[in-house]
1. Among strands (runs of 3 or more DSSP E) lying entirely in the stretch 1-88, which contain 3 or more residues that are modelled with pLDDT of 65 or more?
2. If I filter the stretch 53-99 down to residues being touching a residue at least 24 places away in the same chain (Cβ under 8 Å) and basic (K, R), which single residue comes out as farthest from F12 (Cα to Cα)?
3. Pairs, please: C-beta under 6 Å, at least 6 apart or cross-chain, first residue within 16 Å of S77 (Cα to Cα) and in the stretch 1-16, second in a loop (DSSP other than H, G, I, E, B) and at pLDDT below 75?
4. What's the total number of residues in the stretch 49-99 that are under 15 Å from the mean Cα position of the chain (by Cα) and charged (D, E, K, R)?
Amino acid sequence: MKPVIKNKKTMFYCKVCDKYYQLEKGEKIMMEEKGEKIGEIKVLGKADIEKDLPKTKINCPNCNNEEAYWWTQQTRSIDEPPTLFYRCVKCKYTWRSYG
């Protein structure tokens, strides 16, 4: 599933079944391939970030704070590594690191 903007809304597009899915905050969907569970997606709202995302020690390029939330997202083709995103715990600045 790939997050896309459609009709000014963030939706998930499944290229296997060629359908778009609108998910609400906190809602989960299971990803399956050939009947086997291969993953799970949980839609996070802004308020969920502080309780649901893991933290790591990393220097914020904006305020020099040394703690940030992190997550990965596949932003390029599937044969490329996912992009690692960070959000500073203190100033909320978000930046990325290409794996």
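1. So the answer is 2-6, 9-14, 19-21, 68-73, 83-88.
2. Step by step, filter the stretch 53-99, then rank; the result is K90.
3. Between residues of the stretch 1-16 that are within 16 Å of S77 (Cα to Cα) and residues that are in a loop (DSSP other than H, G, I, E, B) and at pLDDT below 75, the close pairs are C14/M1.
4. 7
The values are calculated or read from the model by the stated rules, or taken from the named source; none is laboratory data. Only a predicted model underlies this, so the values are computations on that prediction, with no experimental measurement involved. Cβ atoms come from the backbone with ideal geometry, glycine included; neighbour counts cover every protein chain shown.
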